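The values are calculated or read from the model by the stated rules, or taken from the named source; none is laboratory data. Small disclaimer: the values here were computed from a predicted structure and weren't measured. No Cβ is skipped: glycine too gets one built from the backbone with ideal geometry, and neighbour counts run over all protein chains shown.
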Amino acid sequence: MTRRSSFVVFATAVLVAAPVVAQVTDAMIESDARTPTSVLTSGLGTQGQRFSPLAKVNTKNVGNLVPVWSFSFGGEKQRGQESQPLVYNGRIFVTASYSRLFAIDAKTGAKLWQYDQRLPEGIMPCCDVVNRGAALYDNLVIFGTLDAQLVALDQATGKVVWKEKIDDYQAGYSYSGAPLIVKGMVLTGVSGGEFGISGRVEARDARTGRLVWVRPTVEGQMGYKYDDNGNKIENGISGETNQTWPGDLWKTGGASTWLGGTYDPSTGLAYFGTGNPAPWNSHLRPGDNLFSCSTLAIDPTSGKIVWHYQNTPHDGWDFDGVNEFVTFDMDGKRLGGKADRNGFFYVNDAKTGKLVNAFPFVKKITWATGIDLSTGRPKYVDDNRPGDPTKSGDGKKGNVVFAAPSFLGGKNQMPMAYSPDTGLFYVPANEWGMDIWNEPVGYKRGAAYLGAGFTIKTINDDYIGALRAIDPKSGKIVWEYKNNAPLWGGVLATRGGLVFTGTPEGYLKAFDAKTGAELWHFQTGSGIVGPPISWEQDGTQYIAVVSGWGGAVPLWGGDVAKKVNFLEQGGSLWVFKLFAPQMADASSH
Ligand code: CA
C-alpha cells in the first residue's frame, strides 16, 4: 500500500516535470520506418513496407510472447475492425468500426479519451462500417469517417480542432482509409466506387484542413488548386477527355481511391491505387477507362499525375487496383511492388512507372494468361469477360462466366509487408472465384451503379487464405501458409526474422520469415482483419493488433460467407510482449 502511494506521487512528479513533448513533424514522419519507439504512420513508414527494425522479439524467443493487456472498443457497435493502431508519446491511437477513435495509455491499456463521429442515417459504405486507421501530425490525430468527413482531434484531449467535409454521403461517398501525411499536407482519397462517384486524391493543410489541391482519377475531369484565400484555380484536366472513355460516362466513372496512398521521400512521389471504373458492366464503356484500376504517381507539390500504370485496362470484373504500391530497392533501383486484386503481382520503376516484372501470386487466374512485359498489358482471355446483356435473348442478363480471382481479390484491403532482410514480400492472398454476369443499368445519384450480379465461390476444399512469401525478382513463391478462412488482416515483418499476421479464426500468428515455419499463435477471441504493429517503449518491444471479425467477406462472400458464418464478432486491441519474470512477481503480490 505504501509502495503504491509513493509510486503515484513519483509518477505525478515526473509528469509535472516532464518537458513539453515534441509535436509530430514532417522529418519525424519521413524517418518513421527507422524509429521504432513510435508508429506515426499507416504502413510503419510512408513507403508502406510494414517492416519493424526491432529484433528483441525474434525467431528464438517468440514462443514466449504473452498478452500484456486487451482493450475493448465496447458498446453494441462491433463488426469489422480493420484498423492499424498508431503509437506516439506513450499513447496508442486506434480507430474502430462506426467511425470511432480511441486514445489509450500504451503501458496500462487505460482509456484516455474516445471520439465518436455522430453518423447520420443513410450512410452508404459498400463493405462494412470499417476504418483502417488515423494519421498523426503536429498535435493532431486525423481520421476519415463513413459520412465522408475528415476530423482532426487534439492528441492530448480528443477535442475537435478542425472538421472538413470530403463530399456528400447521400451521393454514395464515404471514407475508410488511413490518411497520408506528406509535406505538411494530409492526402486522402474517396470511397464509393460502387455508386458512380468521382474518384480523386485531395491534399489539405494538415494543421487547418484547408484544401490545397484536388486531383481527379478519371480521365476528362478538371483538377484544381487553391490559393491561401481559398480561391479555386484550374490545374489541368486529368488525361484527355474521351480518349479512353465514351460519351459522358467519365462524369460518373468511379476509380475511387478508397485505400489511401503511400509516399516515398526518395522519389518525391505519392502513389495511389484506383478502383473499378463505373459501372461494372464493361460493355457500356468501351476503351481502357483511364485512370481506373491503376497505380498513379502524383507530385504532392503540384498535384499533378507524373506517371500512371493501368493494371486492368477496361476492367470487367471489379478488379479494383487500389492495392498499396510499396517501394523497395532491388538491383540498385528504387522499385515498387503491388499485389493487385486481379491476381498478378507487379513491379514498376518507382520514378517512371515502367513495368519491370509481373507474375501471378495466386494459383488460379482465368481472365488473362499473363502480363506482356514489353507492352505492359494483360493477355486477355476474351471468353472470360462477362457477356453483354444487350446480346442475350431477353436483354436482361448477359452470359454468366466463372472468373478467378473473385472480385474480393487475390488480395484486398489487407496490406502486405516487405522485409529488406530477406528481400521478400509477404502477401496475404486468397484463392477464390465467382460466377459473374452483366445487367442493364443507368446512373442514379446515391444508388448502386453496378450493372452486374455475382456469387463468390470457393476453389479448394481445405483453404481459401494463403500467406505467401514472394520473391519480386524471380516471381517465385518461396513459402506459403494456408488458412481455412480467407485472410483479411495485414502483415508485419521484423528484423527479428518474423512475419506476423492474423486470421478470421481469431489467431495472431508468427512465422519464420525465411522458412514459413509457424512459431507462435494466440487466440484473440474474434477474427483478425487488421494489420499488426510493433514498437519499443522503455526498452521493451511490443506487438499489437486489433481483433474484430467483419469487412466485405460476410457481406458479399456468397458461398464463402456461408462457410465462415460461425465466426464471432468483436472489437478489441491486444498488446503483447515477451514473458518476463517481473510480470510473474507483480501478479503474485
Ligand atoms: Ca469496387
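General remarks:
- Of all residues making up the stretch 232-255, the number that are among the charged types (D, E, K, R) and without any contact (Cβ under 8 Å) to a residue 12 or more places away in the chain: 2
- Top-ranked residue in the stretch 327-351 [being more than 19 Å from the chain's Cα centre (by Cα) and without any contact (Cβ under 8 Å) to a residue 60 or more places away in the chain; ranked as surrounded by the fewest Cβ atoms within 10 Å (Cβ to Cβ)]: 332
For every residue, the table says whether it meets (1) in contact with a Lys or Arg (Cβ under 6 Å, 6 or more places away or on another chain); (2) modelled with pLDDT of 95 or more; (3) farther than 15 Å from residue 137 by Cα.
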{"position": "8", "(1), (2), (3)": "no, no, yes"}
{"position": "29", "(1), (2), (3)": "no, yes, no"}
{"position": "32", "(1), (2), (3)": "no, yes, no"}
{"position": "60", "(1), (2), (3)": "no, yes, yes"}
{"position": "67", "(1), (2), (3)": "no, yes, yes"}
{"position": "72", "(1), (2), (3)": "no, yes, yes"}
{"position": "101", "(1), (2), (3)": "no, yes, yes"}
{"position": "114", "(1), (2), (3)": "no, yes, yes"}
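- Scope the stretch 43-66; condition hydroxyl-bearing (Ser, Thr, Tyr) and buried (at least 24 other Cβ atoms within 10 Å of the Cβ); matching residues: 46, 52
- Residue 492 in a strand (DSSP E or B), touching a residue at least 60 places away in the same chain (Cβ under 8 Å) and within 22 Å of residue 336 (Cα to Cα): yes
- Residue within the stretch 182-196 that is surrounded by fewer than 24 Cβ atoms within 10 Å (Cβ to Cβ), in a loop (DSSP other than H, G, I, E, B) and at pLDDT 95 or above present: yes
- When 364, 411, 397 are checked against the criterion of being in contact (Cβ under 8 Å) with a residue 24 or more places away in the chain, part of a loop (DSSP other than H, G, I, E, B), of a type in the set (D, E, K, R) and within 16 Å of the ligand (Cβ to nearest atom), a single residue qualifies: 411.
- Test: residue in the stretch 288-300 that is touching a Pro at 6+ places or on another chain (Cβ under 6 Å), within 16 Å of the ligand (Cβ to nearest atom) and more than 18 Å from residue 178 (Cβ to Cβ): yes
- Of the criteria (1) over 23 Å from residue 155 (Cα atoms); (2) more than 23 Å from the chain's Cα centre (by Cα), which one residue 53 fails: (2)
- Considered as a group, the residues in the stretch 197-209 that are part of a loop (DSSP other than H, G, I, E, B) and either within 16 Å of the ligand (Cβ to nearest atom) or without any contact (Cβ under 8 Å) to a residue 24 or more places away in the chain (or both) include one that is farthest from residue 233 (Cα to Cα), and that residue is 197.
- Only residues that are within 16 Å of the ligand (Cβ to nearest atom) and aromatic (Phe, Trp, Tyr) were counted across the stretch 158-195, and they come to 3.
- Members of the stretch 520-546 that are among the hydroxyl-bearing types (Ser, Thr, Tyr) and crowded, with 18+ Cβ neighbours inside 10 Å: 524, 526, 534, 542
- Test for residue 305: is it among the aliphatic types (A, V, I, L, M) and free of Cβ contacts under 8 Å to residues at least 60 places away in the same chain: no
- Residue count for the stretch 286-301, restricted to those that are aromatic (Phe, Trp, Tyr) and not in a loop (DSSP other than H, G, I, E, B): 0
- Top-ranked residue of the stretch 301-324 - restricted to ones that are over 24 Å from residue 181 (Cβ atoms) and more than 13 Å from the ligand (Cβ to nearest atom), ranked as surrounded by the most Cβ atoms within 10 Å (Cβ to Cβ): 311
- For residue 353, the conditions (1) part of a loop (DSSP other than H, G, I, E, B); (2) within 13 Å of the ligand (Cβ to nearest atom); (3) touching a strand residue (DSSP E or B) at 6+ places or on another chain (Cβ under 9 Å) all hold with the exception of (2).
- Against the numbered list (1) surrounded by fewer than 22 Cβ atoms within 10 Å (Cβ to Cβ); (2) in contact with a Lys or Arg (Cβ under 7 Å, 6 or more places away or on another chain), residue 238 comes up short only at (1).
- Matching residues, the stretch 554-589, being of a type in the set (Val, Ile, Thr) and modelled with pLDDT of 95 or more: 575
- Among the residues making up the stretch 249-285, a single one is of a type in the set (D, E, K, R) and either within 13 Å of the ligand (Cβ to nearest atom) or in a loop (DSSP other than H, G, I, E, B) (or both): 285.
- When residues of the stretch 356-393 are limited to those that are touching a Leu at 6+ places or on another chain (Cβ under 8 Å) and crowded, with 16+ Cβ neighbours inside 10 Å, the one farthest from residue 408 (Cα to Cα): 356
- Residue that is nearest to the chain's Cα centre (by Cα), among those in the stretch 302-326 that are not in a loop (DSSP other than H, G, I, E, B) and not aliphatic (A, V, I, L, M): 321
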